[in-house]
1. Just to be sure I understand, how many residues within region 225-265 are of a type in the set (A, V, I, L, M), outside any helix (DSSP H, G or I) and in contact with a Gly (Cβ under 9 Å, 6 or more places away or on another chain)?
2. In region 192-250, how many residues are closer than 22 Å to MET296 by Cα, open to solvent by 20 Å² or more (accessible area, probe 1.4 Å) and acidic (Asp, Glu)?
3. What helices (runs of 4 or more DSSP H) completely inside region 125-220 contain at least 2 residues that are among the basic types (Lys, Arg)?
4. Just checking, which of ALA845, ALA817, ALA811 is within 28 Å of ASN654 (Cβ to Cβ), in contact with a His (Cβ under 6 Å, 6 or more places away or on another chain) and not acidic (Asp, Glu)?
5. Identify the single condition in (1) surrounded by 17 or more Cβ atoms within 10 Å (Cβ to Cβ); (2) touching a Gly at 6+ places or on another chain (Cβ under 7 Å) that LEU629 does not satisfy, given that it satisfies every other one.
6. Scan region 340-357 and tell me whether some residue there is closer than 23 Å to LEU461 by Cα, assigned to a loop (DSSP other than H, G, I, E, B), open to solvent by less than 80 Å² (accessible area, probe 1.4 Å) and at pLDDT 95 or above.
7. So, of the residues in region 596-626 that are surrounded by fewer than 16 Cβ atoms within 10 Å (Cβ to Cβ) and basic (Lys, Arg), which turns out to be nearest to ALA560 (Cα to Cα)?
8. Take GLY263 and decide whether it is without any contact (Cβ under 8 Å) to a residue 12 or more places away in the chain and either open to solvent by 10 Å² or more (accessible area, probe 1.4 Å) or among the aromatic types (Phe, Trp, Tyr) (or both).
Amino acid sequence: MNAAPSTASLASDVRPVAIDALRADWRSERSALIDAFRVSQDPDALLRGLAALADRTLQALWTGIAPPRQYALVAVGGYGRGLLYPHSDVDLLILAPVSPTGEAVACIERFVGACWDIGLEIGHSVRTTEECLRESASDVTVLTSLLERRYLAGSRTRVDELAHRYSAALRADAFFSAKLLEMRQRHAKHDDTPYALEPNTKESPGGLRDLQVIGWIARAAGFGHNWGELHARGLITASEAAQLRGNERRIARIRAWLHILAGRREDRLVFDLQARTAEAMGLDRGSPRRSSEELMQRYYRSAKTVTQLNTILLQNLKAALFPAPGGAPTPIDDEFLDRQGLLELADPTLFERDPSAILRAFRTMQQHPELNGMATRTLRALWHARTRIDARFRRDPANRTLFLELLQAPRGVTHELRRMNQWSVLGRYLPAFGRIVGRMQHDLFHVYTVDQHILMVVRNLRRFAMAEHAHEYPLCSELLATLERPWRLTIAALFHDIAKGRGGDHSKLGRLDAYRFCRQHGLDAADTDFVVFLVEHHLTMSTVAQKQDLGDPAVIERFARLVGTEERLIALYLLTVADIRGTSPKVWNGWKAKLLQDLYEAAKRTLDGETPTREHRLDARRAEAVRLLNLLTVSPEGYTAFWKQLGPAYFLRNDPQDIAWHTRVFAGKGNGEPIVRTRMSPLGDGFQVAVWLRDQPDLFARICGYFDSRNLSVLDAKIHTTDDGRALDSFVVVDPLGQVEHYRNILPMVESELTQRLTARTELAPPVRGRVSRRSRHFPIEPSVDLRPDEGGQRYLLSIVANDRTGLLYAIALVLARHGIDLETARITTLGERVEDVFLIEGKALHNPRTQLRFETDLLAALRA
């Protein structure tokens, strides 16, 4: 489309009074239509009303300017359908007999300028009939735009000629193939899912564009112009037509509100507009977060239905345009056939007369890996029969046996559960699951809806059992192979988050759902207890590993006592890894993997009967560190004095690998002046920084200030001070945007710059308020501070939850420094855009209620700043 003229002078040949009047009418009538929509919520009335208003305005302008009679004004694109969103372009084709010159060009410029002067946001092109046909032959976008042409003004003969020649040139089969390819590319651009955090109501899978594709193909093939005509042709049923129309209206209503609230063309349900759109649509649920989640669940369910019907209708259209070659299908059994790799029904009424066959269809898919999917007739019958899955169906022992067999199958579990969810079977069989379909979690680290997350966790667990994926998580694959009846893990995964959104503790509520399912499906008491335990405690292992001191024997003992058996420990470890990996691609990292594995191995030793003393643990770590140092040919004479200087507490808090590294780079070096050393993290995430120097006031804050200045994030910190006043502090650091080669380049810079800063002891700069993401801004977390004595009562555990932002850790460090609080360890957990940090601290201010309250108050103020 051509750009708009930049001056109003092009409209000078139209009487000013007419322009002023048209502008006033356009604005007032447009406002009236939008105001009426605010009350009625009827998108049809709004979109058709705006298109009709644009028609009248354009026709009046065309008549007033009076272009040559051989020219025609044609509506194309969405406007050609007779629909216009509040801030969509008014797409126009000015159809010319020949390429315009002279007065014709001036006349067109006056018309276009007048359009913009009035306030019509037009997108226009000027073409001859030949140019239209030539461009449409090579560009499917132009071809589609002309398909929806609609006469507005000027030479009707010219438009009729275009219509005749266009129809003669249009090949419906080629058009189908081109639009199908275009749709697949568009879906890929939007990650092939309707469940994006900020879906595009027009372009995402399940959006309005998917419905338009069906309409375009049907129109090109001469099958009809609307859902009613497609029903009359037998391509869709009456109920399918009603579903299509209802979901089209719901998504159109949302898109219209997005335009109105944004004050511009905005088709994405962005975080900024979700709560406001929900409120505008009357979905006030007491808080912006709850209202937004309600809106998104409604949108996702509509998009899911559109996706289902889009699949069915495109297969129907394909069958009508490309008749399949002859050949009888291959019988699988009395009920199902194999038709060219697709599961076909022997009798189209099978699901209606015997609803149990619905589950048998999915079971058959599992048992026949040669099948690539389900045929159109099967999918359509499945979609229509899904409501036959009711309470009576769920109570039928045969159906319960079938569903359990689906979960116990050696292959195809993930594929069929996803297919069952895609076609609304899973949510019908498990009503609790149906309630969380399309439910978004605005907790700042889940990027999937609850149902998609659950199925992602099932998929992760199943991958542990596949030889081709054993290299990804070798320990998980090894452990799963030792677990009897691993299908119990699949059940636990299905129920672990099934109670999300009900209010209360979803782990405890889900525990009750899991218990009922197990008893109803014939699991014995032992297997039921096993599943129920995993559901109730699916967050426990992650919490202990990331928030508690794994060097404290009491922590390990308490966790091992809770787990009780090695079988439960293995299952909980596997479920925890699968769960964290299923929240977001950005949440899992090597550091979390190490913490979980350390907890697993320590708990296993305890369950095996080991009760190592503090001295035994010290000796074991020293011995392993000595072994590593021997491999590096470092003699004991070079580090014996260094180790004595460090003291026992250092060895209890550090791994043998880190002890060996610290020893190699620091032993016998330095007179108290700062030494900074770095290396790539052995865990594969980021790099490590170790500092050895005479202790100085505000050391932790000064180091955090440096990391903040370089936009580096701290994952873990261990702070150790020797009896003679030396500090050996170590950090695991990542650059949110960094790659491996980038890290290698900045390691020397970090060593040099941090050494200079610690040597100069520069004054601490005030914290800078870092930017938070749009998601955090619109769904903020209320910061929380929890301070309580540790197990020994000598130190305090400080737990912090807040929105993540640049400079947050430095702000916390400044508060610690200001109150004279000493830090021993820091466990930094970033879950997407949410931080859950745990610090082991001590200081005089913590032992006085008044100063402790002042410390907590200052900390909350820093988190909210």
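1. Count: 1.
2. Residues that pass the stated criteria total 4.
3. 156-169, 172-189
4. ALA845
5. The number of the failed condition is (2).
6. No, region 340-357 contains no residue that is closer than 23 Å to LEU461 by Cα, assigned to a loop (DSSP other than H, G, I, E, B), open to solvent by less than 80 Å² (accessible area, probe 1.4 Å) and at pLDDT 95 or above.
7. This residue is ARG605.
8. For GLY263, the condition - without any contact (Cβ under 8 Å) to a residue 12 or more places away in the chain and either open to solvent by 10 Å² or more (accessible area, probe 1.4 Å) or among the aromatic types (Phe, Trp, Tyr) (or both) - is not met.
The values are calculated or read from the model by the stated rules, or taken from the named source; none is laboratory data. Remember, it's a predicted structure, so these values are computed and weren't measured experimentally. Cβ coordinates were reconstructed from backbone atoms using ideal geometry, including for glycine residues, and neighbour counts include every protein chain displayed. These area figures cover heavy atoms from the full protein model, side chains too; ligands, DNA and RNA do not enter into them. Shrake-Rupley method; radii C 1.70, N 1.55, O 1.52, S 1.80 Å.
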